[in-house]
Amino acid sequence: MAEELAFARKASGLVRGLSMWDAFGVGFMNQGLTPSIVVLTSLGVGVYVGGNMIIAIVLSVILAGIGMPIVWGVLGGSMPRSGGEYIYNSRIIHPIIGIAESFGNAFVWIMWIYVLAPWVADPGFTMLAAFTGQQGLADWATQPYATFILATIANIIGFCFVVFGLKIFARAQKIVMFIGIGSVIVLTLVLTFKAGGFPDAWNAIAAENDSLDYNAFIAAVEADYGGPLPTTWNWYDSLGVMVAASWAFAYAYCMAFIAGEVKRPDKTIILANLFAVLVPGVFCLWTAFALYQLDFNFLSAAFYADNMENYAWSIEGFNLPYSSNYIGLAFIMEPQAWLGVIYSVGYMAFALWWVTLSYLAFPRIIFAWGMDRMGPKWFTDISPRFASPVKNHILCFVLGQIGIALYVFWTNSPLQGLAVTGLEVVTVFGVTAISALLFPYVKKARGIWDASPYRNWKLLGIPVITIGAIVDLVYLGILFVFFFIMPDLRDFTTTGIIFYACVWLAGIAWYFFWKQRSAAVGVDSSMTYGELPPE
Amino acid sequence: MIKLFFVTDIHGSNVCYRKFLNALPIYGVDTAVLLGDLTGKVLVPLVEKGNDTWECTLMGQHRLIETQEQLAEIKKITENAGYYWVHQSREEFDETRADPAKIDALFKQLVLARVQEWLDLADERLEGKPFQMFMAPGNDDWFVIDDMIDAAKLVHPCDRRMVDLEGHEMITSSASNPTPWDTPREMSEEDLEKHLYELCGLVKNYETAIFNFHVPPHGYSLDLCPKLDENLTMAADEKIHAGSIGAKKVIEQYQPLLGLHGHIHESRGAQKAGRTLLINPGSEYSEGILKGALIMLDKKKIKDYVFTSG
């Protein structure tokens with residue numbers, strides 16, 4: 001250990017308290033491991049049936065593992081404040097872009113509540129009931145009113161974990177993370193060691209439930225698909241699977257919302273972000289290798305079926321009590337109720353924590369707006385009792401509940417989850433990557449760049465953040481192409497684009513409204529975005 | 001209407017101080033108040049290794065300095081973070097390290113030099129300008145700097161007195177209630193309360209008054225800070241109120257127009273205490289970010305305020 005060559009005097013005023021572990025926890029939990037693997041398989045391979053999960057995962061880990069930690073780590077370490085990417089984009093590009101993008105992201109976090117809280121109910125709770133033989137309860141949970149009740153409970157729990165302050169949040173996160181990771185390990189061990197003789201296991205359970213046997217199931221799915229399912233992978237579908245794989249690798253950025261509270265943000269954010277990509281990468285790869293012990297065309301059929309409107313039950317003759325997602329396949333390999341409880345509780349824990357993290361992010365986004373006078377003053381109110389922005393949390397809860405009601409009783413499509421990711425790719429990740437690309441070269445941010453601890457980080461004379469931003473943009477470019485240009489998702493995401501444009505326009509209107517309102521009382525709100533010259 | 005710019009706790013950061021002075025014309029400020037803590041907490045000896053090389057520990061990292069450019073860079077980073085640097089031979093460093101009194105004396109010498117440098121710079125920048133600037137220390141600052149502020153040409157002192165801001169009477173206290181660090185201007189809660197009541201006695205019109213107390217009142221959102229354990233290590237997840245009960249009493253009793261506070265860097269925000277608007281602009285001095293609050297004051301009311309960050 002190097003000798004300490006510094007003297008410190010007794011003085012008050014410490015600032016930052018969250019450790020690398022805390023930051024990693026926030027980033028990792030926002031990658032939502034078990035549900036993300038369900039998305040990777042059922043929404044990824046389920047759409048791109050010739051996709052190779054291993055290739056999709058490796059490419060995602062390389063691109064997201066380089067691009068995301070550098071973009072979010074360098075920006076977060078250079079501007080270590082807790083308002084997320086709104087701070088970076090408003091300072092580097094323009095306040096209008098910052099607000100419009102942030103408006104989109106605020107929407108995204110509310111959307112995550114109303115998409116993911118229902119997932120706690122279905123498929124989370126329905127799997128738990130089905131795995132334990134409570135079929136009546138499983139059927140009940142799929143009813144819209146039941147899903148609404150269970151999603152509301154999840155929303156209330158998420159609200160309570162955050163509203164009472166970081167102490168409860170941090171402790172609960174450790175417990176949920178333990179449950180989640182433990183569950184994934186058990187699930188993947190079963191997939192690894194019990195995959196042998198899977199067709200026989202499937203046929204045995206199918207016979208018990210008067211369901212399609214292994215070959216009949218594949219044939220039935222192929223009939224719906226309109227032709228034979230691929231028996232091997234292709235590059236196009238493998239790149240397409242990366243869209244869904246992004247759930248496991250692109251979301252560690254959530255830690256940007258606590259950048260103002262972590263110790264040594266210059267190192268913590270970048271490293272925590274990297275580990276929050278690598279750890280899910282290891283689990284995803286392990287899962288993929290384990291799954292590939294099964295026939296390729298069977299996996300395609302199972303995930304295609306699970307991605308249908310009524311899950312695998314959309315296939316005529318499929319009567320198993322649980323759908324053909326990867327958790328269901330693990331249960332077929334070793335059909336023991338206690339294992340089913342572990343799998344489904346782990347799934348629900350991750351989905352619930354996603355909802356909880358919305359309560360970490362949304363209130364901080366609008367808090368940052370309030371501080372910049374881009375919203376009402378009560379956005380900045382901190383409860384002296386709970387040390388948190390309680391009013392913002394309540395607003396988040398109310399908006400989340402409205403969203404849950406609309407989602408459950410109106411749309412209720414798992415693909416809504418991909419719509420949220422599409423919005424994030426365009427608005428949050430894309431705009432922020434462009435900010436990172438421009439950061440070293442923009443005159444208005446020169447003061448911040450000069451003070452940045454990364455200004456001397458260069459590779460072949462090019463700032464590392466520029467390289468990271470390019471890698472990130474390549475990654476996002478692949479996602480963008482498959483979201484918006486390729487035919488598989490295009491029809492679905494076109495509606496989304498109109499919606500995103502409306503959100504952006506609302507954000508721009510919001511900016512001008514508050515700028516005008518501040519000007520009326522003599523405040524030039526643009527001064528809050530400008531950098532002061534240090535010399 | 002007057003435009004008041006309030007900044008606090010820059011802790012020796014050269015870059016924050018320069019940004020503060022530059023902000024006055026940029027923000028169109030009428031009156032600026034720079035409240036303590038003004039002085040830094042860390043001294044970085046640049047220890048000679050021979051052959052024009054040095055070593056030091058900066059922000060927890062051991063640094064080897066091999067060129068004059070690197071040396072200039074380290075000095076600049078040190079000053080901007082609010083630290084002080086000094087050239088020392090290995091023998092001088094070992095001698096200083098072995099004697100706490102020598103460390104203290106060296107600290108004082110460097111702290112005073114920087115305060116004087118700041119006051120001289122303010123004289124240079126404020127000459128002939130339409131804004132006025134007030135300065136007061138905080139609980140971390142040694143009493144010796146008061147005389148320097150009192151002697152400044154264009155910077156007005158305001159600690160432990162009442163000053164008039166175009167009709168608004170402002171009283172200022174640099175003191176704080178006890179902290180775990182036993183800092184120079186701490187008082188017991190009883191003594192602090194008495195001291196604040198004495199200051200309040202100087203005010204004639206509380207309705208338009210400004211209470212500029214370094215320590216925020218207890219129990220509001222402006223005094224929340226991480227809980228410390230017996231080793232003064234912060235709990236990441238638990239916050240406590242560290243403000244002064246005496247400050248709370250006088251503010252709630254006299255209900256001034258405005259309360260300006262600092263001390264708790266992480267609790268940037270504004271909150272109402274009855275009719276009093278309490279503001280803590282927070283501090284990110286170690287990152288070179290100047291946090292401030294711009295307050296538009298009418299004769300009898302606060303027209304508006306905005307937090308700044310530059």
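Brief remarks follow.
- Failed condition for B:ALA270, given (1) crowded, with 22+ Cβ neighbours inside 10 Å; (2) at pLDDT 90 or above: (2)
- Pair list, Cβ under 8 Å, 6 or more apart: region B:118-135 residue over 21 Å from B:TYR84 (Cα atoms), other residue among the acidic types (Asp, Glu) and outside any helix (DSSP H, G or I): B:PRO130/B:ASP30; B:PHE131/B:ASP30; B:GLN132/B:ASP30
- Leading residue by the ranking (modelled with the lowest pLDDT) among those in region B:274-310 that are among the β-branched types (Val, Ile, Thr) and more than 17 Å from the chain's Cα centre (by Cα): B:VAL306
- Identification of helices (runs of 4 or more DSSP H) wholly contained in region A:49-161 with 3 or more residues that are over 30 Å from B:SER267 (Cβ atoms) and out of contact with any strand residue (DSSP E or B) (no Cβ under 6 Å at 6 or more places or on another chain) yields A:53-78, A:95-119, A:126-131, A:135-141.
- Candidates A:LEU278, A:LEU291, A:LEU329, A:LEU285, filtered to the one that is under 30 Å from A:LEU63 (Cα atoms), among the hydrophobic types (A, V, I, L, M, F, W, C) and in contact with a Ser or Thr (Cβ under 8 Å, 6 or more places away or on another chain): A:LEU291
- Residue within region A:264-280 that is at pLDDT 95 or above, within 30 Å of A:LEU212 (Cβ to Cβ), assigned to a helix (DSSP H, G or I) and not aliphatic (A, V, I, L, M) present: no
- Every pair of residues 6+ apart whose Cβ atoms lie under 8 Å, when the first sits in region A:280-292 and is in contact (Cβ under 8 Å) with a residue 12 or more places away in the chain while the second is crowded, with 24+ Cβ neighbours inside 10 Å and of a type in the set (Lys, Arg): none
- Residue check, B:LYS299 under 22 Å from A:LYS377 (Cβ atoms), more than 8 Å from chain A (Cβ to nearest Cβ), in a loop (DSSP other than H, G, I, E, B) and charged (D, E, K, R): yes
- Being away from chain A (no Cβ under 14 Å), surrounded by 21 or more Cβ atoms within 10 Å (Cβ to Cβ) and touching a Gly at 6+ places or on another chain (Cβ under 9 Å) holds for only one residue in B:ASP159, B:ASP191, and it is B:ASP159.
- Candidates B:LYS75, B:LYS108 - the one that is assigned to a helix (DSSP H, G or I), farther than 29 Å from B:ASN280 by Cα and out of contact with any His (no Cβ under 6 Å at 6 or more places or on another chain): B:LYS75
- Region B:136-156: number of residues that are outside any strand (DSSP E or B) and surrounded by 15 or more Cβ atoms within 10 Å (Cβ to Cβ): 12
- Taking the criterion of being within 26 Å of A:PRO384 (Cβ to Cβ) and either charged (D, E, K, R) or buried (at least 17 other Cβ atoms within 10 Å of the Cβ) (or both), the residues of region A:131-167 that qualify are A:ASN155, A:GLY158, A:PHE159, A:PHE161, A:VAL162, A:VAL163, A:PHE164, A:GLY165, A:LEU166, A:LYS167.
- Helices (runs of 4 or more DSSP H) wholly inside region A:423-521 that include at least 2 residues being in contact (Cβ under 8 Å) with a residue 40 or more places away in the chain and within 19 Å of the chain's Cα centre (by Cα): A:431-438, A:464-480, A:487-520
- From the options A:ALA248, A:ALA302, residue that is in contact with a Cys (Cβ under 8 Å, 6 or more places away or on another chain) and either buried (at least 22 other Cβ atoms within 10 Å of the Cβ) or at pLDDT below 90 (or both): A:ALA248
- Residue pairs meeting the criteria (Cβ under 6 Å; at least 6 apart or on separate chains; first touching a residue at least 60 places away in the same chain (Cβ under 8 Å) and part of a helix (DSSP H, G or I), in region A:359-371; second surrounded by fewer than 24 Cβ atoms within 10 Å (Cβ to Cβ) and of a type in the set (Ser, Thr, Tyr)): A:ARG364/A:SER82
The values are calculated or read from the model by the stated rules, or taken from the named source; none is laboratory data. This one's a predicted model, so the numbers in the text were calculated from it and none came from an experiment. Quick reminder, even Gly has a Cβ in these numbers, built from the backbone with ideal geometry, and neighbours come from all protein chains shown.
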